[in-house]
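Taking it in order: structure first as structure tokens, then the write-up.
The values are calculated or read from the model by the stated rules, or taken from the named source; none is laboratory data. Owing to the predicted nature of the structure, the values given are computational and were not obtained by experimental measurement. A quick note on method: Cβ atoms are made from the backbone with ideal geometry, for glycine too, and the neighbour counts reach across all protein chains shown.
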Amino acid sequence: MTKNINLTLKIWRQKGPEAAGTLETFEATDISTDMSFLEMLDVVNERLTLEGREPIAFDHDCREGICGTCGAVVNGRPHGPQKGTTLCQLHMRHFANGDTLVIEPWRARAFKVIKDLVVDRSALDKMIQVGGYISANTGGAPDANAIPIPQETADLAMDAAACIVCGACVAACPNASAMLFLGAKVSHLALLPQGKPEAARRAAAMVREMDQLGFGNCSNERECEAECPKEISIINIARLNREYLKARILSTVR
Amino acid sequence: MQLDAKIPGGPLAQKWDRHRFELKLVNPANKRKYDIIVVGTGLAGGAASASLAELGYNVKTFCIQDSPRRAHSIAAQGGINAAKNYTNEGDSIWRLFYDTVKGGDFRAREANVYRLAQISNNIIDQCVAQGVPFARDYGGLLANRSFGGAQVSRTFYDRGQTGQQLLLGAYSALMRQVGLGKVQMFPRREMLDLVVANGQARGIVVRNLITGQIETHAAHAVVLCTGGYGNVFFLSTNAMASNVSASFKAYKRGAYFANPCFTQIHPTCIPVHGTYQSKLTLMSESLRNDGRVWVPKKPGDNRAPQQIPEDERDYYLESKYPSFGNLVPRDVASRNAKEQCDMGKGVGETKLAVYLDFADAIKRDGREAIERKYGNLFQMYEKITGEDPYETPMMIYPAVHYTMGGLWVDYNLMSTIDGLFVLGEANFSDHGANRLGASALMQGLADGYFVIPYTIGGYLASTSFSSVTPDTAAFKDTAREASDRIEKLLRINGKRTVDDFHRQLGQIMWDYCGMARNNQGLEKARGMIQELRAEFWQNATVPGEEKDFNQSLERAGRVADFMEFAELMVIDALARQESCGGHFNEAYQTEENEARRDDENFCHVAAWSHSGPDKDPEFHKEPLIFENVELTQRSYK
């Protein structure tokens, strides 16, 4: 049933990357439980605009849980309390009248705050640039059915490829590690026959880049898996470790 | 100006081969002397950037998102068509070509569509080589499913995330070129204007969305891959940032805008539920493979769906269109849903919805099989509505989804401005008046991987360029105009928010230029848009500062362009006195309420050129000549 609720929001406000930030309090009144979390923020921002105050900056785009643009930590949990849900798909029916919500940006050394809840996640693109691909120039591909791939393998690759690169795994990890993101990408490509020729070089280069970008190490806390909106499994981290070991011990890649 | 589509001569099946041979080539060693700007990083822009860089051109690529991987192509769910005929059902390049021309209600160019069908097979090969994990059968070969408007299964898919996986393929190829130093990537940049010097597109003006700085970039050619304009309706399935601004600025600089009134209303979306709603969510058309669309036979029947017995349900698509059933093309399915709701048979709280029921499919194939095919879609539905589609039928209603209109381009995908190429949804070229499902991904990738790499070479090799740098007057003047406009927006200081204006504009467009249109309503809408636009510039409020991360300012610029563009759509809809595909003028329908074309008078592309502020645009006609298919009344019975 649709109803309206009132909430107290404590939202991180920060003018820019170098400015100090602080939690500011807002009253969100008359919020329909059918709204998405971001629609609730829209309503708050419309009211701020009409009061002549600057709205809260937050990243968002597709609002259907696939682009990976949105995300904030709600009461200590990336993308809020619902399992397997991005912030844009989280609906207000999961909150109760009178709740207080603390809303913060992703916090990690590798993700600088740009403004309020908006962070710079370009480090994740940089990791892809050093090896998160299969080198196949346009034009030279053989027929798509030339290499049969067992359905199970294709499914496992797809499970890994479903990562939306929102960064929640990094925000959830006490070490701000990007191992789940990296594990998913390395797994997706290493599982497929097309990805094998570059597997060793890819694993070595991407791990090196991750370390240089200031992400922490994995210490098996499993927070990433628990908070991932696409429920990517940490099996992918195990696979990454195997690929990395194979690269460093069994291959000539350094 | 006489529009010359530059369609090569010779038989249809040989045009593209012949054209590729006739196009001049740029010597491999000379390619590095050319700079190319690509705006947008969806399937078209990502694929074009990567492919052009692989050839050796210097590419500068821009996107408004924080990462090129987030462009809205990512949200496409159901699949991508190709004429592989892996299923042995009798598919062929010719059949895909024919289905696409017919599905588009005979308002697309034969030569372009045929080329698209030819290229479709290369796309699947290329994507598999990149590691796109398409669905496969137990034997390890690729799986297919069917989509609307076709009687063969030719759609390749990655669960319900095909757009995401194809985009990740193009993005990974793009990232590889960034790593190799052949592409310079500029994320969080919004194109504010096109720079035209000596009649050639030579650069762009962008705003750095983090710092608010205006930047200028020069090149030998500009490739726009900036998507469609569905957000003119405020509520659509487009992403929040999708906008018409880049295309519209190009239009104002001399590019013609073709068929702007051709918009696609997708039949299976989650219905609207409140005024605060920010966007609509699509449920993939692939669901119509197994879901059955129905409404209660009796208007105003308020019983829960499970309590309505079989003989009191109207499976209206199955009874009206026995050969295509639930898989009729999108425009037909949408109009029929509207018709049922107009008769009072709509369901749900708002009565603006119909059921999409999986009970029979679950009984037939088991829950697991359905979960395997549509799991993520069912989950998405459940998250948004709080209802479980495994237990109770989905409720769906049509919503704005795609725009077939776009900047006019010739066979080389070049607009009426020399050196300005337009790819993907941003151009008008391949889908006529209605796009078939799983064809948008096909077109975006065809344009980016397999068309622009050849045609841009032909242009560069046959054009002489003077030296144009960001210091020249053309750049300085265009940049100044862009910052003047920003200042003007920030100075309005009125009392209504930009979103409030946008919502009202969207309502006007939905009511009068949506699923069904009539002349009286369109005339009225035109006046309403003009009034609203005047009020916008008097009474909008845009908080924040220019030289800062300012999302309100970003939106204000986009909505200001939608306010002007909306009128162009209405003008185009008024000029086209027929019904075809997504453009349904109530005065022109068959006895069975299907769109009635007027091939004698309207078998053409309507291309509009800008005539200056507050002046009516000028109309130009590109006649459509059909040499290979016979124009018939579309029938899906």
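Of all residues in the stretch B:532-550, those satisfying the criterion of being aliphatic (A, V, I, L, M) and part of a helix (DSSP H, G or I) are B:LEU532, B:ALA534.
Filter the stretch B:469-508 for residues that are of a type in the set (A, V, I, L, M, F, W, C) and away from chain A (no Cβ under 14 Å) and give the result. Spell out how you get there, then give the answer.
Here is the first cut: in the stretch B:469-508, the ones of a type in the set (A, V, I, L, M, F, W, C) are B:473-475, B:479, B:482, B:486, B:489-490, B:492, B:498, B:501, B:505, B:508.
Answer for the stretch B:469-508, where residues must be of a type in the set (A, V, I, L, M, F, W, C) and away from chain A (no Cβ under 14 Å): B:ALA473, B:ALA474, B:PHE475, B:ALA479, B:ALA482, B:ILE486, B:LEU505, B:ILE508.
Within the stretch A:96-118, identify whether any single residue is among the basic types (Lys, Arg), within 9 Å of another protein chain (Cβ to nearest Cβ), within 26 Å of B:ALA71 (Cα to Cα) and touching a Phe, Trp or Tyr at 6+ places or on another chain (Cβ under 7 Å), and answer yes or no. Yes, some residue in the stretch A:96-118 is among the basic types (Lys, Arg), within 9 Å of another protein chain (Cβ to nearest Cβ), within 26 Å of B:ALA71 (Cα to Cα) and touching a Phe, Trp or Tyr at 6+ places or on another chain (Cβ under 7 Å).
Scanning the stretch B:570-595 for residues that are in contact with a strand residue (DSSP E or B) (Cβ under 8 Å, 6 or more places away or on another chain) and of a type in the set (A, V, I, L, M), we see that the one that is surrounded by the most Cβ atoms within 10 Å (Cβ to Cβ) is B:ALA573. The numbered conditions (1) within 26 Å of the chain's Cα centre (by Cα); (2) of a type outside the set (Phe, Trp, Tyr); (3) more than 13 Å from chain A (Cβ to nearest Cβ); (4) not in a loop (DSSP other than H, G, I, E, B) are all true for B:GLN165 except (3).
Taking the options B:THR263, B:THR268, name whichever one is in contact (Cβ under 8 Å) with a residue 40 or more places away in the chain and within 14 Å of another protein chain (Cβ to nearest Cβ). Going through B:THR263, B:THR268 in turn, just one is in contact (Cβ under 8 Å) with a residue 40 or more places away in the chain and within 14 Å of another protein chain (Cβ to nearest Cβ): B:THR268.
Report the residue count in the stretch B:141-155 for those that are more than 8 Å from every other protein chain (Cβ to nearest Cβ) and among the hydrophobic types (A, V, I, L, M, F, W, C).
Pass one, the stretch B:141-155, residues more than 8 Å from every other protein chain (Cβ to nearest Cβ): B:143-155.
Narrowing further to those that are among the hydrophobic types (A, V, I, L, M, F, W, C): B:143, B:147, B:150, B:152.
Qualifying residue count, the stretch B:141-155: 4.
Is it the case that A:ARG242 is surrounded by fewer than 19 Cβ atoms within 10 Å (Cβ to Cβ) and either in contact with an Asp or Glu (Cβ under 6 Å, 6 or more places away or on another chain) or within 17 Å of B:ARG176 (Cα to Cα) (or both)? Taking the combined requirement at face value, the residue does not satisfy it. Screening B:GLY386 on (1) within 30 Å of A:THR85 (Cβ to Cβ); (2) in contact with a His (Cβ under 6 Å, 6 or more places away or on another chain) shows it passes everything except condition (2).
The requirement of being of a type in the set (S, T, N, Q), surrounded by 22 or more Cβ atoms within 10 Å (Cβ to Cβ), touching a Ser or Thr at 6+ places or on another chain (Cβ under 6 Å) and modelled with pLDDT of 95 or more is not satisfied by B:ASN243. Of the helices (runs of 4 or more DSSP H) lying entirely inside the stretch B:1-107, the ones with 2 or more residues being among the polar types (S, T, N, Q) are found at B:43-55. Search the stretch A:53-84 for residues being crowded, with 24+ Cβ neighbours inside 10 Å, of a type in the set (Gly, Ala, Ser) and facing chain B (nearest Cβ under 7 Å), and hand back the single one that is nearest to A:TRP106 (Cα to Cα). Step by step, filter the stretch A:53-84, then rank; the result is A:GLY68. With respect to being at pLDDT below 95 and farther than 24 Å from B:TYR57 by Cα, B:GLY149 fits the description.
What helices (runs of 4 or more DSSP H) lie completely within the stretch B:435-531 and have 1 or more residues being surrounded by fewer than 18 Cβ atoms within 10 Å (Cβ to Cβ) and without any contact (Cβ under 8 Å) to a residue 60 or more places away in the chain?
Output list reads B:473-491, B:498-512.
Taking the stated definitions as given, is A:PRO142 in contact with a Gly (Cβ under 8 Å, 6 or more places away or on another chain), facing chain B (nearest Cβ under 7 Å) and either surrounded by fewer than 20 Cβ atoms within 10 Å (Cβ to Cβ) or not aliphatic (A, V, I, L, M) (or both)? Considered against the rule, which asks whether it is in contact with a Gly (Cβ under 8 Å, 6 or more places away or on another chain), facing chain B (nearest Cβ under 7 Å) and either surrounded by fewer than 20 Cβ atoms within 10 Å (Cβ to Cβ) or not aliphatic (A, V, I, L, M) (or both), A:PRO142 comes out as no. Take the conditions (1) touching a residue at least 40 places away in the same chain (Cβ under 8 Å); (2) more than 15 Å from B:ARG176 (Cα to Cα); (3) hydroxyl-bearing (Ser, Thr, Tyr); A:THR153 misses just one of them, which is (1). Within the stretch A:145-166, the set of residues being assigned to a loop (DSSP other than H, G, I, E, B) and either aliphatic (A, V, I, L, M) or at the interface with chain B (Cβ under 8 Å from one of its Cβ atoms) (or both) comprises A:ASN145, A:ALA146, A:ILE147, A:PRO148, A:ILE149, A:PRO150, A:ALA162, A:ILE164, A:VAL165.
The residue of the stretch B:170-195 that is farthest from the other protein chains (Cβ to nearest Cβ), among those that are over 20 Å from the mean Cα position of the chain (by Cα) and within 22 Å of A:ALA160 (Cβ to Cβ), is B:LEU174.
Which members of the stretch A:121-139 meet the condition of being without any contact (Cβ under 8 Å) to a residue 60 or more places away in the chain, assigned to a loop (DSSP other than H, G, I, E, B) and either of a type in the set (D, E, K, R) or more than 7 Å from every other protein chain (Cβ to nearest Cβ) (or both)? Selection gives A:ARG121, A:GLY139. If you go through the stretch B:145-156 and keep only what is crowded, with 24+ Cβ neighbours inside 10 Å and assigned to a loop (DSSP other than H, G, I, E, B), you end up with B:PHE147, B:GLY148, B:GLY149, B:ALA150, B:ARG154.
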